[in-house]
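Before any comments, here is the structure.
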């Protein structure tokens, strides 16, 4: 098929050849994504939520275009937005994370035609950039061309996840498409059997100079000694899974762990998500049609159902039956000779849209003695996703991997019929919550080897760890904790005033939000970085954080901080941690009696725009507290956008002058500014000492 394009080698060729390849890849990705949405029966269906934990489909239609613009703005490849409202509206809310706002009351979704026009505008911008960006080969992730590749691969991920959502719509809300034909071959399920897999040393992770695009979690290294084990020849078929159902699999609590039992009871599940009808008359929902349940197609289930099946199988056989872990799955690829890239030497499989738009029988594609080691459907792993040794966050997409390093997102491997691009690479690592549905199922293994399912989630990123220490760590040089001091100044400024809603914008890892939450009914704590937001969410949910603290050279110590130890013993359910761009906040963030903007304005690309916007979000009589060391740097703020720190007409202009110029029409300055010191610890022997000037403004 035209859209089953080949991965691009980012190391070789000329710049002009690479421009042509990337443009072809971009065009194919863009067009098939739009063609996918043509399977919706009408524009009204765009506003349906087929899955309650996801946005309506209109969000996903706009999201992939918005992603390009937001990342290109961040990487400074673009200086102007295409549509600021859309680039806020469609930016966040993709996964089931605490900082995803899925409340429809906050959204005024635009017309489908308006989003189509927006997509056309973005497409023109991207095509022009591909033609004009100055770059050299190879293309590493620091290259100005990398954000374009990131946007392409991101849209290919959403091609798949959106197809799952479309599959969950009512059948009357979709229509068939010649571009997405389903398989018509089905019959009885083949008898599954266990085959031996010789053990060996498995090395995971890929080098930074790998020729293909990669997401940050793929890089680094990990090595495992894998003992010999046995594995099922086939993926578990619908026919094999039906035996579990007929033996009371969904009724018997004994097969389900606590998480699975809670999910099963809440959803009243008695069969897989895509099965329809009743026993002896089951049908299978495909993307745009229903067919009689094909017994020889793979069973598509969530991890929790697969785990219950394995527990049942263990009891019936007296063996230790489970899903493979990540190293065992790779070992199976190695023994079958599939530890290579499909783009280098094609692998016959049901993936890359090469066979159609559905599963096929589990005995169609042989890979050595096994079948479907890759393709057909994704395969659940026992391993929760984590970062390899040497893992680094890509600065343009800090919330791709890190938020999933929570022991609640399990890996899926191998790809499905609609997996393309990076998804079908050897080193790809994707993970979902265990109750989520994808085009995913499982195969089982028998092994006595214990599987590691819990990873200590230490913050290892230098910047995040530094701010964990800054907010929750030890005091240095008798300097009081800065975010705590800012919170106290803010509460003193509010005094006896209203204490309904407070906003901590640029909240970092959240200490000030916790300090004021005991006084205010609601606190919105917003930050551009999902990594920072995640720390606040973890403290809110678990009451503790773990992080590495640099000491000297490569030496680190492992720190644990708890809210209780810091004297923060409240409920804190009134804090709403959200990822948000201070320069492009959604309209629902309004009605505040207090706004804290600490050490923020001199890190914004256009602080005057932020200051012009903030009055509309504060109630009359409300307080705006601004703290800043006024360290203006062109790295963050173009010099023409500095509020102060320069001469105009030969006279010095201070940042306080700039604040008055922007705020005096809507606010009154309360008293004199105050200098608040803070110390940021880099290592045991290196600290930064800074003074932040605090001004308090009262809304007229």
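For this structure, a couple of remarks:
- Residue check, residue 11 outside any helix (DSSP H, G or I), in contact (Cβ under 8 Å) with a residue 12 or more places away in the chain and under 18 Å from residue 114 (Cβ atoms): no
- Flag for residue 376 being in contact with a strand residue (DSSP E or B) (Cβ under 9 Å, 6 or more places away or on another chain), modelled with pLDDT of 95 or more and either outside the structural domain of residue 222 (by TED's automatic domain parsing) or not in a loop (DSSP other than H, G, I, E, B) (or both): no
- Residue in segment 354-361 that is farther than 29 Å from residue 166 by Cα, in the same structural domain as residue 436 (by TED's automatic domain parsing), touching a residue at least 24 places away in the same chain (Cβ under 8 Å) and more than 20 Å from the chain's Cα centre (by Cα) present: no
- Condition met for residue 398 (touching a helix residue (DSSP H, G or I) at 6+ places or on another chain (Cβ under 7 Å), touching a residue at least 12 places away in the same chain (Cβ under 8 Å) and over 13 Å from residue 218 (Cβ atoms)): yes
- Where strands (runs of 3 or more DSSP E) fall wholly inside segment 537-638, the ranges with 2 or more residues that are closer than 23 Å to residue 514 by Cβ and free of Cβ contacts under 8 Å to residues at least 24 places away in the same chain are 555-562.
- Members of segment 404-430 that are surrounded by fewer than 21 Cβ atoms within 10 Å (Cβ to Cβ) and either over 26 Å from residue 32 (Cβ atoms) or modelled with pLDDT under 95 (or both): 406, 407, 408
This table checks each residue for (1) over 30 Å from residue 285 (Cα atoms); (2) buried (at least 19 other Cβ atoms within 10 Å of the Cβ); (3) outside the structural domain of residue 336 (by TED's automatic domain parsing); (4) in contact (Cβ under 8 Å) with a residue 24 or more places away in the chain.
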residue	(1), (2), (3), (4)
179	no, no, yes, yes
189	no, yes, yes, yes
203	yes, no, no, no
214	yes, yes, no, yes
221	yes, no, no, yes
237	no, yes, no, yes
249	no, yes, no, yes
256	no, yes, no, yes
259	no, no, no, yes
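- Residue match in segment 133-142 (condition: touching a helix residue (DSSP H, G or I) at 6+ places or on another chain (Cβ under 9 Å), surrounded by fewer than 13 Cβ atoms within 10 Å (Cβ to Cβ) and part of a helix (DSSP H, G or I)): no
- Of all residues in segment 199-221, those that are farther than 30 Å from residue 148 by Cβ and not in a loop (DSSP other than H, G, I, E, B) total 4.
- All told, residue 271 meets the bar of being free of Cβ contacts under 8 Å to residues at least 40 places away in the same chain and more than 17 Å from residue 192 (Cβ to Cβ).
- Subset of segment 411-458 (residues that are under 17 Å from the mean Cα position of the chain (by Cα) and either assigned to a strand (DSSP E or B) or free of Cβ contacts under 8 Å to residues at least 40 places away in the same chain (or both)): 411, 412, 430, 431, 432, 433
- In the condition set (1) over 30 Å from residue 400 (Cα atoms); (2) touching a residue at least 24 places away in the same chain (Cβ under 8 Å), residue 184 is compliant with all but (2).
Residues checked against (1) within 21 Å of residue 520 (Cα to Cα); (2) crowded, with 18+ Cβ neighbours inside 10 Å; (3) in the same structural domain as residue 91 (by TED's automatic domain parsing); (4) touching a helix residue (DSSP H, G or I) at 6+ places or on another chain (Cβ under 7 Å):
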site: 620; (1), (2), (3), (4): yes, no, no, no
site: 634; (1), (2), (3), (4): no, no, no, no
site: 643; (1), (2), (3), (4): no, yes, no, yes
site: 648; (1), (2), (3), (4): no, no, no, no
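- Residues located in segment 667-691, provided they are surrounded by 17 or more Cβ atoms within 10 Å (Cβ to Cβ) and within 22 Å of residue 613 (Cβ to Cβ): 667
Rundown of residues vs (1) over 18 Å from residue 81 (Cβ atoms); (2) in contact with a strand residue (DSSP E or B) (Cβ under 8 Å, 6 or more places away or on another chain), yes/no style:
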position	(1), (2)
558	yes, yes
571	yes, no
575	yes, yes
580	no, yes
593	yes, yes
618	yes, yes
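The values are calculated or read from the model by the stated rules, or taken from the named source; none is laboratory data. Just so it is clear, the model here is predicted, and its values are computed rather than measured. Every residue, glycine among them, receives a Cβ derived from its backbone with ideal geometry; neighbour counts consider all protein chains shown.
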